[in-house]
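Structure record follows, encoded as C-alpha cells.
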Amino acid sequence: MPPAPAAAPLLDGITVLDFTRVLAGPYCTRLLADLGARVVKVERPGEGDDTRRGYYQVEEGRADQATYFVRINAGKLGVAIDLSNPRGREVVLDLARVADVAVENFLPGVAARIGCDHAALSRVRPDIVYCSISGFGQTGPLRDTPAFHHIINAVSGIMHLERQTDPGPRVGYLQAADVLAGTHAFGAILAGLVRRGRTGHGAYLDVSMLEAMIAAEDITYGAVINGGAVYPGPRAGMVVHTLEGGDFAMQTVGAPQLWARLCAAMKRPDLAEDPRFATPMARRQNWPPLRDLVVTWLDGFVTRERALGALRAARLPAAPVLSPTEVVAQPHLEARGAFPEVPHGGRGTVRVTATPFHVDGKPTGPSAGAPYRIGEHTRQVLDEMLGYDAARIEELAKAGAIALA
C-alpha cells in the first residue's frame, strides 16, 4: 500500500492578522503559526517590534536581530504598515477582509483610535475572531494602566506570595503573566474558530494578564474568596537542598501516596502516627520541623547523586537544579526536538524553542524564520493576499502608508 498522505497542519487555511508586540500577543500568534496558520505580523515602519532590539543579538553589527524577537516571531510573515496613516488603515481593512483572526495587545482604546479595533474590522469581516490582550482587561477602573509582567506580578498578589519567608518582595525572573495570557488567548481563539465553524458567528475575546496570573495560583485565592486566610509559605512538602555535587529539588506533596513513600524511604513509620504529621493539614502546619527531619535524612547521603538515586528508587519526585546551559544540552530535550533550527537572513540558521506540545507524534515548531527585516514580506502579502499590483504597492510606499524591506 502507498504511504498515507501527510496530514495537513491543524490550522491550515486560517489567516491571522497580528498587531501585537513584545511577548503576550506574539507568543499567542507564534502558537497559531506553529499549528499552520498564516500569520501576518504588522510592524511599525522604521521601528518594528520593541523586542528586535533586545538581548541577545544573533547577527554581529545589527541591533534588530535579538533572539527574543526571532524566537517569538518565527514562522510569521512580516509587513510594515503605518497605522497612523489613513491609507495604511485602508490596507489593514483590506487584510481584515481576508483574515479569520485578528489579535492586538495595545493599551485599551488605542486600537480604536488607529482604526483596527473589533468594531472596525468586524464591519468588513463580520465573522472575524478578534482577540484583545491587555494587562487589566478592556473594562474596569484599571483598564488604562500600562502593564508588563513585573507590574502584573506586583498587583496580582503573586509577588507578595513569592516572598515566602524573605524579608521583602523581590523581582521575579519569569515573564509568566505574558506567557499565561498568550496561552489563554490561544485557547480562546481556537474556541472562537470552532464556534464560527459551527454557527458562522465570530467572537470578541478580552484576555487579561492580571486574571491569568490570579488563575495560575493554586492555594491562596481559592481560600481567600471563600473566607480562608492567605497561605504565604514556605510551601510545605517542597525542598531545595545542596549536597556535594550540587543543588537538587524534591517534593513530598501533590499525590496522597508520596507521604507513605517518604516514611518508608526514611525508615520512619512512626512519623505516620505522629500527631504533628498524621494528616495533610498537620504536615502543612508543622512543615518546619518536618523539613528538618527530611533534610537530616538527605544529609546522610553526602552527595547529590546518591540522594537523587534514593529518592527515585522510593518513587519520590526529585531532580537536580540545572542551569539554562545544562538544560539546552539535555539529551531528553534533544530527543523531543525542543530547540529546532529555522532560517535566518544574516546568520544562515538560528535555534528557537519549539511549541511545547507534539501533534500526531511529532514535535511542533515554526515552518520558517522570523521576518528578517521590517516589512520583509509587505510586497508579497499585498500581492498574493490582496491582489495589489506593483504600481499600487510602490505608490503606497511613496505615500508612507507602508514600508518595503
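Here Val40, Val79, Val70, Val16 are screened, and the one residue that is within 17 Å of the chain's Cα centre (by Cα) and modelled with pLDDT of 95 or more is Val70. Screening Val42 with (1) touching an Asp or Glu at 6+ places or on another chain (Cβ under 7 Å); (2) touching a residue at least 60 places away in the same chain (Cβ under 8 Å); (3) hydrophobic (A, V, I, L, M, F, W, C) gives one miss only, at (2).
Tell me, which residue of region 225-263 that is within 20 Å of Glu305 (Cα to Cα) and assigned to a helix (DSSP H, G or I) is most open to solvent (accessible area, probe 1.4 Å)? Here the answer is Arg261. Scanning region 143-161 for residues that are of a type outside the set (S, T, N, Q) and touching a residue at least 24 places away in the same chain (Cβ under 8 Å) gives Arg143, Asp144, Pro146, Ala147, Phe148, His149, Ile152, Val155, Gly157, Ile158, His160, Leu161. A count restricted to region 116-148 and to residues that are touching an Asp or Glu at 6+ places or on another chain (Cβ under 9 Å) and more than 14 Å from Leu205 (Cα to Cα) stands at 4. Residue pairs whose Cβ atoms lie under 6 Å apart, separated by 6 or more positions or on different chains, with the first residue in region 209-224 and open to solvent by 40 Å² or more (accessible area, probe 1.4 Å) and assigned to a helix (DSSP H, G or I) and the second modelled with pLDDT of 95 or more and of a type in the set (Gly, Ala, Ser), are Ile214/Ser156.
Within the set Asp166, Asp206, Asp178, the sole residue that is charged (D, E, K, R) and open to solvent by less than 20 Å² (accessible area, probe 1.4 Å) turns out to be Asp178. Of the helices (runs of 4 or more DSSP H) that lie entirely inside region 316-405, those containing 2 or more residues that are open to solvent by less than 60 Å² (accessible area, probe 1.4 Å) span 378-384, 390-398. Residues in region 281-315 that are open to solvent by 40 Å² or more (accessible area, probe 1.4 Å) and of a type in the set (S, T, N, Q): Gln285, Asn286, Thr296.
For the criterion of being over 28 Å from Pro86 (Cα atoms), open to solvent by 30 Å² or more (accessible area, probe 1.4 Å), in contact (Cβ under 8 Å) with a residue 24 or more places away in the chain and not in a loop (DSSP other than H, G, I, E, B), Leu190 fails. The set of residues in region 76-92 that are of a type outside the set (Val, Ile, Thr), buried (at least 16 other Cβ atoms within 10 Å of the Cβ) and outside any strand (DSSP E or B) comprises Lys76, Asp82, Leu83, Asn85, Gly88, Arg89.
Set side by side, the residues Pro234, Pro256, Pro269 differ, and just one is in contact with a Phe, Trp or Tyr (Cβ under 9 Å, 6 or more places away or on another chain) and either of a type outside the set (A, V, I, L, M) or more than 30 Å from Leu121 (Cβ to Cβ) (or both), which is Pro234.
The values are calculated or read from the model by the stated rules, or taken from the named source; none is laboratory data. Owing to the predicted nature of the structure, the values given are computational and were not obtained by experimental measurement. Reconstructed Cβ throughout: ideal geometry from the backbone, glycine too, with neighbour counts over all protein chains shown. For accessibility, only protein heavy atoms count, side chains too; no ligands or nucleic acids. Shrake-Rupley method; radii C 1.70, N 1.55, O 1.52, S 1.80 Å.
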